[in-house]
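Scroll down for the structure; my scribbles are underneath it.
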Amino acid sequence: MDGTPADGLKLKNYPGACLQTGFAYLVARAADGSTMVAGKWWDNYDTQSLAVNRTSCAKVHLHLGSRLVLTSNGRTIQATVSA
């Protein structure tokens with residue numbers, strides 16, 4: 001995150017192993033009933049932007065503009081938190 005590898009992050013009360021797994025969904029718009037509290041939803045299918053909920057942001061110190069490198073099925077994706 002933001003240039004720091006997962007094993008170099010200093011997180012309290014958050015197991016580092018949890019950074020190795022997670023779920024991501026490709027969606028064109030925010031779910032009905034969702035409230036955007038910061039940032040903006042992207043246009044079309046922007047594969048380099050992420051929306052992250054407040055709880056997750058607080059736990060791992062993410063913010064608008066945070067950059068992440070994700071790996072899925074052997075593919076590396078560089079993404080930015082935009083909402």
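Miscellaneous remarks
- Multiplying the residue separation of Q48 and S34 by 0.36 nm and subtracting their alpha-carbon distance yields 3.0 nm.
- Surrounding net charge for T4, when Lys and Arg each add one and Asp and Glu each subtract one, Cβ distance under 11 Å: 0
- Karplus (6.51, -1.76, 1.60) ³J(HN,Hα), θ = phi - 60°, over the stretch 50-57, in Hz, Gly and Pro reported as x: 10, 10, 10, 6, 4, 4, 5, 4
FYI, it's all coordinate maths here, none of it is from the lab. Quick caveat: nothing in here was measured; it's all calculated off a predicted structure. Because the Cβ atoms are built from the backbone with ideal geometry, glycine has one as well, and the counts that use them run over all protein chains shown.
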